[in-house]
């Protein structure tokens, strides 16, 4: 069930991460726009998608949180590696972005799973 739930969000995340990194390589002035507060809505949407699909694939509320937490590690790593280390920022900025992105995915999975559970 977890594989079925996370397959397309993971592929989509890789595309989004690649677009972010390539955009910042070719347009370095845009790095100020790719901040946690701006990308938080993207991670929230991914979380909603994961929570929704977890329930649709036969999971429950706890599995939706687990899937959201598992997926939330990926944007967190993106913040630590890309925004923290590769851009030359201090590691604390990357860690704060990582915690924020993880929490946005978990909040989104709660919203998505709660939405579909309230229909039943």
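Read-outs: derived from the displayed coordinates by stated rules, not from any lab. As the structure is a prediction and not an experimental result, all values here were calculated from the model. Heads up, the Cβs are rebuilt from the backbone with ideal geometry, glycines too, and the neighbour counts pull from every protein chain shown.
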(request) Could you work out how far helix 36-56 tilts from the main Cα principal axis of the chain, as a 0 to 90 degree angle to the nearest 10? (result) 20
(request) Return one number: the angle in degrees, 0 to 90 and rounded to the nearest 10, between the long axis of the Cα atoms of helix 61-78 and the longest principal axis of the Cα atoms of the chain. (result) 10
(message) Which of 70, 13 has the fewest other C-beta atoms within 10 Å, and how do the rest follow up to the most?
(response) 70, 13
(request) Would you indicate which of [x] 28, 13, 11; [y] 35, 16, 11; [z] 87, 31, 8 is the value of semi-axes √(5λ) of the Cα gyration tensor in Å derived from the coordinates of this structure? (result) [x]
(message) Only counting other Cβ atoms within 10 Å, I'd like 79, 52, 33, 65 sorted with the fewest neighbours first.
(response) 33, 65, 52, 79
(message) Which one, 18, 77, 39, has the greatest fluctuation when you compute a Gaussian network model over the chain with C-alpha springs under 10 angstrom?
(response) 18
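Can you sort 62, 53 from fewest to most other Cβ atoms within 10 Å of each residue's own Cβ?
Values: 62 10, 53 23.
By the 10 Å Cβ count, ascending: 62, 53.
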(request) Under a 10 Å cutoff between Cα atoms, tell me which one of 46, 100, 61 has the largest fluctuation in the Gaussian network model of the chain. (result) 61
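For n ≥ 4 DSSP H runs only, could you compute -39500 (n - 2.57) per run for the chain, divide by its residues and tell me the 222 nm figure to the nearest 500? Show your work: numbers first, answer last.
Working: 4 runs with 93 residues, N = 120.
Dividing the helical sum by the residues of the chain leaves -27000 deg cm²/dmol.
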(message) Test of understanding: what is the full-extension gain from residue 14 to residue 31, defined as 0.36 nm times their sequence separation minus their Cα-Cα distance?
(response) 4.3 nm
(request) Choose one answer from 29, 82, 60: the residue with the largest mean-square fluctuation in a GNM of the chain with alpha-carbon springs under 10 Å. (result) 29
(request) Determine the relative contact order of the chain: mean sequence separation of Cα pairs under 8 Å and six or more apart, normalised by residue count, in whole percent. (result) 34
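Report the calculated FRET efficiency for residue 93 and residue 66 (r = Cβ-Cβ distance, R0 = 35 Å), to the nearest 0.05.
On the way: r = 28 Å, r/R0 = 0.80.
It comes to 0.80.
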(message) Quick check: residue separation of residue 22 and residue 4 times 0.36 nm, minus the Cα distance between them. What number comes out in nm?
(response) 3.6 nm
(message) Output the 0 to 90 degree angle, nearest 10, between the alpha-carbon long axis of helix 2-26 and the longest principal axis computed from the alpha carbons of the chain.
(response) 20
